[in-house]
Number of protein chains: 2
Amino acid sequence: MDLNLLGQRAKEASYAMGRLGVSDKNRGLKACADALVANADSILKANALDVEKGIANGMHQGLVDRLKLTTQRIEAMAEGIYQVISLDDPVGEVISMKQRPNGLMIGQKRVPLGVVGIIYEARPNVTADAFALCFKTGNAVILKGGSDAIESNIAITECIRAALAKEGLPEDAIQLVTDTSRETTVELMKLSKYIDVLIPRGGAGLIRAVVNNSTIPVIETGTGNCHIFVDKSADLDMAISIIFNAKTQRIGVCNACESLVLHKDIVDELMPRLVEKLGEKDVEIRGDEAVQSIAPSVVAATEDDWGREYLDYIISAKTVNNIDEAIAHINKYNTGHSEAIITNDYNNAQKFLNEIDAAAVYVNASTRFTDGFEFGFGAEIGISTQKLHARGPMGLLALTTTKFIIYGNGQVRK
Amino acid sequence: MDLNLLGQRAKEASYAMGRLGVSDKNRGLKACADALVANADSILKANALDVEKGIANGMHQGLVDRLKLTTQRIEAMAEGIYQVISLDDPVGEVISMKQRPNGLMIGQKRVPLGVVGIIYEARPNVTADAFALCFKTGNAVILKGGSDAIESNIAITECIRAALAKEGLPEDAIQLVTDTSRETTVELMKLSKYIDVLIPRGGAGLIRAVVNNSTIPVIETGTGNCHIFVDKSADLDMAISIIFNAKTQRIGVCNACESLVLHKDIVDELMPRLVEKLGEKDVEIRGDEAVQSIAPSVVAATEDDWGREYLDYIISAKTVNNIDEAIAHINKYNTGHSEAIITNDYNNAQKFLNEIDAAAVYVNASTRFTDGFEFGFGAEIGISTQKLHARGPMGLLALTTTKFIIYGNGQVRK
């Protein structure tokens with residue numbers, strides 16, 4: 001597979017995309033959504049091959065479920081594209097145009113990133129989803145999905161490309177890397193000549209591999225060891241409700257709570273009630289000695305537990321003497337994702353918001369809200385846990401950059 | 001040298017820095033500026049060792065000049081810090097706080113990046129300069145200068161650390177990597193556990209090495225193959241004035257013009273006058289056949305010339321048939337820095353601004369204005385030629401990130 005050729009085509013398409021207005025982009029998206037539904041049969045046929053191969057290879061049932069498409073799931077993909085159509089296009093806005101003393105007018109215009117690379121794992125719906133967000137913001141996208149979903153991804157990509165071509169729009173706005181070998185993936189990560197930004201979507205191993213190998217700027221979407229600190233003054237009913245929600249509402253997600261930090265003065269009263277509530281979902285609690293001494297069902301936590309993202313019905317619990325210890329513990333072990341304090345103390349709420357180093361910091365709410373839809377962006381390309389460019393849930397804006405535009409009338413530098 | 005220890009100290013200092021208000025930060029900066037002047041003798045003594053070693057090793061005279069400090073240069077460093085004191089602190093602003101339908105209040109607060117790593121080359125004034133910008137924005141900085149300036153950098157850093165300690169401020173807000181070996185430098189580039197952002201400042205080789213080796217997010221400050229396109233409708237007097245300025249006002253800088261693109265209809269009239277004007281500074285012109293046929297003194301350009309950043313009294317010149325060819329040529333060979341069009345045609349001006357892919361795009365002005373001071377930021381940590389986070393000249397804002405802060409009253413996710 002000639003990645004250079006792929007890159008060149010993407011770059012060409014990105015220039016064509018940059019010249020499109022939002023009406024043309026929405027027209028293209030509508031054609032793609034409709035084409036997915038119209039071609040559901042051939043997509044399902046391709047998907048059946050992936051599923052068959054997965055089962056033959058002993059794929060875990062949960063993964064087979066994520067891989068498997070149905071007519072309803074294809075309709076949901078199309079529906080997702082319709083939602084992207086309804087969002088405002090951030091491209092083209094000039095953010096702050098000001099006149100300099102020498103008469104130069106200098107402003108910052110919001111523009112597409114150019115070519116976006118996305119490396120992701122099994123779920124084939126990411127293919128349509130990532131394309132729609134990139135297309136809406138005028139970017140060309142190069143997709144590299146997992147080998148498990150290769151037939152499905154090819155079918156979805158071909159369907160979208162055909163729809164774009166039929167509309168007279170650049171079909172190279174979406175290209176799929178069909179060679180899923182490790183060598184090709186690593187080569188893709190070094191295609192900085194053509195790809196402007198690389199976004200990995202998947203587990204910790206995938207993200208680490210991309211960060212370690214890429215010479216393209218990466219937006220790290222991350223794992224979440226999210227903490228909830230229950231302060232001395234907390235409303236314990238609220239604390240239990242929020243912890244139960246953040247731990248058990250959906251366990252396999254990055255904004256689920258994995259670690260509790262408990263003020264020593266409330267452990268006696270909170271723990272028995274918490275053990276009971278979390279027991280409804282058979283959540284295993286791994287605690288320090290203070291927690292264990294109150295709740296005998298609690299397993300002893302090891303140092304390793306403080307840094308774990310379980311993605312399971314397990315939670316760690318650590319007691320602290322004061323909010324400063326809580327903040328130090330969280331800043332030491334967190335992954336920069338989402339952290340919450342439950343408190344009725346004004347100063348501690350402010351202190352926690354100010355001093356916790358994470359993408360999203362909550363007072364008296366569940367960490368599960370860290371999400372592009374819940375934050376009101378209407379879409380999400382991922383949740384950034386790094387500090388450059390975008391931090392936290394990323395909507396359409398994160399798929400754009402700016403350029404300075406300067407109007408002069410002959411100015412030269414003195 | 002234990003880089004992990006360095007990283008831990010920097011992280012600790014960054015938390016302390018994050019708690020400081022702007023009055024404390026300005027007090028610290030003032031103490032540092034005054035200390036540099038007060039300790040000029042010892043800094044000059046250390047610098048003399050570097051200069052002596054440089055000369056003994058046959059260092060180029062130009063580099064010796066850049067390395068050498070004088071009382072005046074130390075005063076200029078202090079003056080630079082005073083200028084940073086006078087700038088507004090961007091940290092702490094909450095950018096957009098909105099209420100969601102469920103009552104959650106969600107806003108984005110501007111915060112320091114945390115720990116900034118800066119890898120740079122010979123000039124010791126970068127040490128004080130980079131520190132001041134990082135300190136003002138509440139960041140701890142780990143500096144890695146070149147071995148040529150090691151004694152000077154140690155003296156400057158020690159002077160600043162002592163001044164901070166005396167003020168009761170975190171001295172680990174500035175740390176210097178004193179082991180300048182390649183192995184340690186590469187190890188530093190992988191210290192992602194402690195360093196949030198890495199900024200290389202120097203030549204193309206240094207920047208490439210950082211991009212290729214770093215696992216820390218990098219802000220690429222870049223080389224500039226800056227173009228000026230002289231359109232058919234250009235005011236030729238203006239074109240010559242701008243080209244002369246952009247090429248010769250200062251040759252060794254990234255925003256100097258390296259490449260001309262000329263509309264075929266103006267080549268006949270422009271070239272003889274341009275040859276004469278650029279001749280004042282003995283600028284060598286390397287052109288295509290059309291350019292050569294008009295101006296016999298023009299050297300034949302090779303394919304290699306279109307992509308060169310000469311940083312010298314040399315410029316390439318290419319003719320095109322129309323603005324589309326000009327844009328395609330520039331987008332193919334530029335480095336994403338600064339590009340200008342000289343035109344009186346409204347539509348072509350807009351087209352150029354829209355379609356050129358670069359950090360700064362000019363109409364009728366010299367590319368030399370791409371600079372944090374000229375853009376009105378009051379300071380500059382570098383000029384970004386990548387698209388993530390910051391693009392173009394970077395002032396204090398580029399040394400900050402945001403975090404979402406969320407005020408709730410018990411919300412859980414449905």
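Coordinate-derived values only; no laboratory data. Quick caveat: nothing in here was measured; it's all calculated off a predicted structure. All Cβ positions, glycine included, derive from the backbone under ideal geometry; neighbour counts span all protein chains shown.
Residue-wise test of (1) within 14 Å of chain B (Cβ to nearest Cβ); (2) in contact with a helix residue (DSSP H, G or I) (Cβ under 6 Å, 6 or more places away or on another chain); (3) surrounded by fewer than 22 Cβ atoms within 10 Å (Cβ to Cβ).
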| position | (1), (2), (3) |
| --- | --- |
| A:Thr137 | yes, yes, no |
| A:Gly146 | no, no, yes |
| A:Ala149 | no, yes, no |
| A:Ala155 | no, yes, no |
| A:Asp179 | no, no, yes |
| A:Ser192 | yes, no, yes |
| A:Gly203 | no, no, yes |
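Could you list, in sequence order, all residues of the range B:117-154 that are farther than 27 Å from B:Ile55 by Cα and in a helix (DSSP H, G or I)?
Hits for the range B:117-154 are B:Phe131, B:Ala132, B:Leu133, B:Cys134, B:Phe135, B:Lys136.
Of all residues in the range A:161-177 being among the acidic types (Asp, Glu) and part of a helix (DSSP H, G or I), which is surrounded by the fewest Cβ atoms within 10 Å (Cβ to Cβ)? Before you say what the answer is, go through the steps one by one.
If we filter the range A:161-177 for residues that are among the acidic types (Asp, Glu), which is where we start, we get A:167, A:171-172.
Next cut, part of a helix (DSSP H, G or I) only: A:171-172.
On the way: A:Glu171: 20, A:Asp172: 22.
Out of the qualifying residues, it is A:Glu171.
Test A:Arg391 against the criterion of being at the interface with chain B (Cβ under 8 Å from one of its Cβ atoms), among the charged types (D, E, K, R) and surrounded by 23 or more Cβ atoms within 10 Å (Cβ to Cβ), and give yes or no.
In short, yes.
Give me the strands (runs of 3 or more DSSP E) completely within the range A:179-266, filtered to those with at least 2 residues that are touching a residue at least 40 places away in the same chain (Cβ under 8 Å) and under 13 Å from A:Gly117 (Cα atoms), ordered by residue number. Talk me through it step by step, then tell me what you get.
Numbers: elements: A:197-201, A:226-230, A:257-263.
Hits in the range A:179-266: A:197-201.
List the number of the failed condition for B:Glu79; all other conditions in (1) more than 22 Å from the chain's Cα centre (by Cα); (2) surrounded by fewer than 17 Cβ atoms within 10 Å (Cβ to Cβ) hold.
(1)
Kindly evaluate B:Met238 against the criterion of being at the interface with chain A (Cβ under 10 Å from one of its Cβ atoms) and of a type outside the set (S, T, N, Q).
When the stated conditions are applied, B:Met238 passes them.
Somewhere in the range B:137-148, is a residue touching a residue at least 60 places away in the same chain (Cβ under 8 Å) and over 20 Å from the mean Cα position of the chain (by Cα)?
Yes.
Evaluate the following for B:Phe352: is it more than 17 Å from A:Tyr407 (Cα to Cα), of a type in the set (Phe, Trp, Tyr), more than 7 Å from chain A (Cβ to nearest Cβ) and out of contact with any Cys (no Cβ under 8 Å at 6 or more places or on another chain)?
Against the criterion (more than 17 Å from A:Tyr407 (Cα to Cα), of a type in the set (Phe, Trp, Tyr), more than 7 Å from chain A (Cβ to nearest Cβ) and out of contact with any Cys (no Cβ under 8 Å at 6 or more places or on another chain)), B:Phe352 does not qualify.
Give me a count of the residues in the range B:399-414 that are farther than 30 Å from B:Asn139 by Cα, more than 7 Å from chain A (Cβ to nearest Cβ) and either assigned to a strand (DSSP E or B) or in contact with a Ser or Thr (Cβ under 8 Å, 6 or more places away or on another chain) (or both).
Residues in the range B:399-414 being farther than 30 Å from B:Asn139 by Cα, more than 7 Å from chain A (Cβ to nearest Cβ) and either assigned to a strand (DSSP E or B) or in contact with a Ser or Thr (Cβ under 8 Å, 6 or more places away or on another chain) (or both): 0 in total.
Within the bounds of the range A:189-204, is there any residue that is touching a Pro at 6+ places or on another chain (Cβ under 6 Å) and closer than 23 Å to A:Phe131 by Cα?
yes
Please verify whether B:Ile219 is among the aliphatic types (A, V, I, L, M), surrounded by 20 or more Cβ atoms within 10 Å (Cβ to Cβ) and within 9 Å of another protein chain (Cβ to nearest Cβ), treating the condition exactly as stated.
Yes, satisfied.
Yes/no matrix, rows are residues, columns are (1) crowded, with 23+ Cβ neighbours inside 10 Å; (2) closer than 21 Å to A:Ala239 by Cα; (3) more than 8 Å from chain B (Cβ to nearest Cβ); (4) out of contact with any strand residue (DSSP E or B) (no Cβ under 6 Å at 6 or more places or on another chain):
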{"residue": "A:Ala301", "(1), (2), (3), (4)": "no, no, yes, no"}
{"residue": "A:Leu311", "(1), (2), (3), (4)": "no, yes, yes, yes"}
{"residue": "A:Lys318", "(1), (2), (3), (4)": "yes, yes, yes, no"}
{"residue": "A:Gly336", "(1), (2), (3), (4)": "yes, no, yes, yes"}
{"residue": "A:Ile342", "(1), (2), (3), (4)": "yes, yes, yes, no"}
{"residue": "A:Thr370", "(1), (2), (3), (4)": "yes, yes, no, no"}
{"residue": "A:Phe377", "(1), (2), (3), (4)": "no, no, yes, yes"}
{"residue": "A:Leu397", "(1), (2), (3), (4)": "no, no, yes, yes"}
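Counting just the residues of the range A:255-266 that are in contact with a strand residue (DSSP E or B) (Cβ under 8 Å, 6 or more places away or on another chain) and surrounded by fewer than 22 Cβ atoms within 10 Å (Cβ to Cβ), which one comes out farthest from A:Ala328 (Cα to Cα)?
The extreme case among them is A:Ile266.
Taking the range A:95-135 as the search range and keeping residues that are under 25 Å from A:Met1 (Cα atoms) and within 11 Å of chain B (Cβ to nearest Cβ), which one is surrounded by the fewest Cβ atoms within 10 Å (Cβ to Cβ)?
The extreme case among them is A:Gly114.
Find the residue count for the range A:239-254, including only residues that are crowded, with 24+ Cβ neighbours inside 10 Å and not charged (D, E, K, R).
Counting residues in the range A:239-254 that are crowded, with 24+ Cβ neighbours inside 10 Å and not charged (D, E, K, R) gives 4.
Identify, please: which residue in the range B:34-67 is without any contact (Cβ under 8 Å) to a residue 60 or more places away in the chain and small (Gly, Ala, Ser) and is, among those, surrounded by the fewest Cβ atoms within 10 Å (Cβ to Cβ)?
B:Gly58
Against the definition (closer than 11 Å to A:Asn255 by Cβ, polar (S, T, N, Q), within 7 Å of chain B (Cβ to nearest Cβ) and buried (at least 24 other Cβ atoms within 10 Å of the Cβ)), how does A:Ser366 come out, yes or no?
yes
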